[in-house]
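In what follows, a single structure is set out as structure tokens and then discussed.
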Amino acid sequence: MCGILAVLGCADWSQAKRARVLSCSRRLKHRGPDWSGLFQCEGNFLAQQRLSVVSPLSGDQPLYNEDRTVVVVANGEIYNHKKIRKQFAAKHTFTTGSDCEVIIPLYEEYGENFVNMLDGVFSFVLYDTRNKTYMAARDAVGVNPLYFGRGSDGSVWIASEMKALHEDCPKFELFPPGNLYSSAAGGFRRWYNPQWFAEHVPATAYQPLVLREAFEKAVIKRLMTDVPFGVLLSGGLDSSLVASVTKRHLIETEAAKKFGTELHSFVVGLEGSPDLKAAREVADYLGTIHHEFHFTVQVKALHQYDCLRANKATSAWGLEVRVPFLDKEFIDVAMSMDPEWKLYDANLGRIEKWVLRKAFDDEKEPYLPKHILYRQKEQFSDGVGYNWIDGLKAFTEQQVTDEMMKNAAEEYPYNTPINKEAYYYRMIFERLYPQDSARETVPWGPSIACSTPAAIEWVAQWKASNDPSGRHIASHNDAAPAHAHANWNGAVANGKANGNGTANGNANANGTLVPC
């Protein structure tokens, strides 16, 4: 991943303004420690902090066309870039090995109507010096973060993270996923309009092999890298399937020729936590080179867990995280399926994520041990160790008084914290981002076990709880190591579904490939 900042349409072209843009860009240095670059054309600035994953020895950004009249800054991975390069090889000269360079010939051939031709995750800004117009776009489901703001002079600011623009923009917001912004058109429009967005209920029957093949393709395409990589492995269903598919297909990839066929897996947790045990078992089964990172409940690191999403947590350390479950083609397959197949049904032996588990339940060539394949869904903060959650509660109990909670609505009228842990996180957030616009970029509502607010209405027990931990779900057994509740035919011996669903996109870093 990289960090990008674009400041467009400034009334001020001075050296002082240039220095200010550079200063704001450097706040994204953690996202791109390998290279810094800046383009300026009058009052338009495009800045880049690059993390070199594909073509690390070339592809310094910003990227340009042959006569340097079109310039792009991009944070992303374009998995079909080789196919696009081949398509335009006779008409365009590519000057770098960067996968994001293909954005330029696509724009020159199709104008702004090319974004749906990109297979990958991305956020980018393109400036055309010939007509002084610009466009920006974000990937289909918003894997890569992007923010949009306006300066007091009417300039447009677009940045990978809020910290690069919040001091210079009186108003800013999330750049909506699946959208592009066009200066020529003067606003946003959706570029991602899959069929399943329509109001009708999908009717495609469940086809296990189709789902399996779509997921395997999603994993394989994410093995495109020119630097070493590994898998984050919790021992849960999602991350274990990613590791299994990666191990199975690694030998066929270009990466294997460069770095060998040994796969490294990584897990983090408290000593004795469910994830450590399960991940160790999966690693042994698959034959990965396994790395365990144990931590203790330390107050100094409180803000680094649960309140950060996967992208920002890994980018902070110069890592790129890839999420096959959010692959556009895989989502299309999963979302086109008749939703009745995805429902929990004890009478039919269907537990949560049954369609995914069944698709990989191969008796002849098993992907995973049965009890891992049918292991109960574990919320990430629970799986790393129950003492972690209990430690957070105990710490915030000391830091936030009953009187503070009594006056929470007065102190924080917007998105009022409902418990002391949330109150403590809010204090940290407000100290860093005190603007009203910053608060509005954070989705909010009641949640339990990563559910949506709507799911809370399903069960009275859930509505009565202000604790988001998955342990408050009736089917969750506090004896976590013994929670493989399915028999080998997929039948359930315990409780209700937790409402998480397949490919839910939770930012728990499960099921990810991480180029190091």
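The values are calculated or read from the model by the stated rules, or taken from the named source; none is laboratory data. Computed from a prediction, not measured in an experiment: that's the story for all the values here. For neighbour counting, all protein chains shown are included, and Cβ atoms are generated from backbone atoms with ideal geometry for every residue, glycine included.
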For region 140-173, how many residues are in a strand (DSSP E or B) and crowded, with 17+ Cβ neighbours inside 10 Å?
9
Considering only residues that are among the polar types (S, T, N, Q) and buried (at least 20 other Cβ atoms within 10 Å of the Cβ), look in region 6-48 and name the one that is nearest to residue 72 (Cα to Cα).
48
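Is it the case that residue 3 is touching a Cys at 6+ places or on another chain (Cβ under 7 Å), modelled with pLDDT under 95, crowded, with 21+ Cβ neighbours inside 10 Å and within 29 Å of residue 93 (Cβ to Cβ)?
no
Okay, residues lined up against (1) part of a loop (DSSP other than H, G, I, E, B); (2) among the hydroxyl-bearing types (Ser, Thr, Tyr); (3) under 30 Å from residue 110 (Cβ atoms):
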residue	(1), (2), (3)
184	yes, no, yes
213	no, no, yes
216	no, no, no
224	yes, no, yes
Does any residue in region 198-225 that is under 15 Å from residue 337 (Cα atoms) come within less than 6 Å, Cβ to Cβ, of a residue that is assigned to a helix (DSSP H, G or I) and modelled with pLDDT under 90 six or more places away or on a different chain, and which pairs are these?
202/196
Within region 184-207, restricting attention to residues that are among the aromatic types (Phe, Trp, Tyr) and surrounded by 13 or more Cβ atoms within 10 Å (Cβ to Cβ), which residue is nearest to residue 114 (Cα to Cα)?
191
Please work out which residue is farthest from residue 241 (Cα to Cα), limiting yourself to region 265-283 and to residues that are free of Cβ contacts under 8 Å to residues at least 60 places away in the same chain and part of a strand (DSSP E or B).
267
Which one of 18, 26 is basic (Lys, Arg) and more than 20 Å from residue 134 (Cα to Cα)?
26
Filter region 186-204 down to residues that are among the β-branched types (Val, Ile, Thr) and assigned to a loop (DSSP other than H, G, I, E, B), then give me how many there are.
1
With criteria (1) of a type in the set (A, V, I, L, M, F, W, C); (2) under 19 Å from residue 51 (Cβ atoms); (3) over 11 Å from the mean Cα position of the chain (by Cα); (4) surrounded by 14 or more Cβ atoms within 10 Å (Cβ to Cβ), residue 317 comes up short on (4)
Please enumerate the residues belonging to region 220-238 that are in contact with a strand residue (DSSP E or B) (Cβ under 6 Å, 6 or more places away or on another chain) and of a type in the set (S, T, N, Q).
225
List the residue pairs whose Cβ atoms are under 6 Å apart, where the first residue sits in region 366-381 and is over 30 Å from residue 392 (Cα atoms), the second is at pLDDT below 90, and the two are 6 or more positions apart or on different chains.
370/488; 371/484
How do the pairs read when you match residues in region 312-326 that are more than 23 Å from residue 215 (Cβ to Cβ) with residues anywhere that are among the acidic types (Asp, Glu), using Cβ under 8 Å and keeping only pairs 6 or more apart or on different chains?
312/161
Condition test on residue 270, is it in contact with a Gly (Cβ under 8 Å, 6 or more places away or on another chain), surrounded by fewer than 21 Cβ atoms within 10 Å (Cβ to Cβ) and modelled with pLDDT under 95?
yes
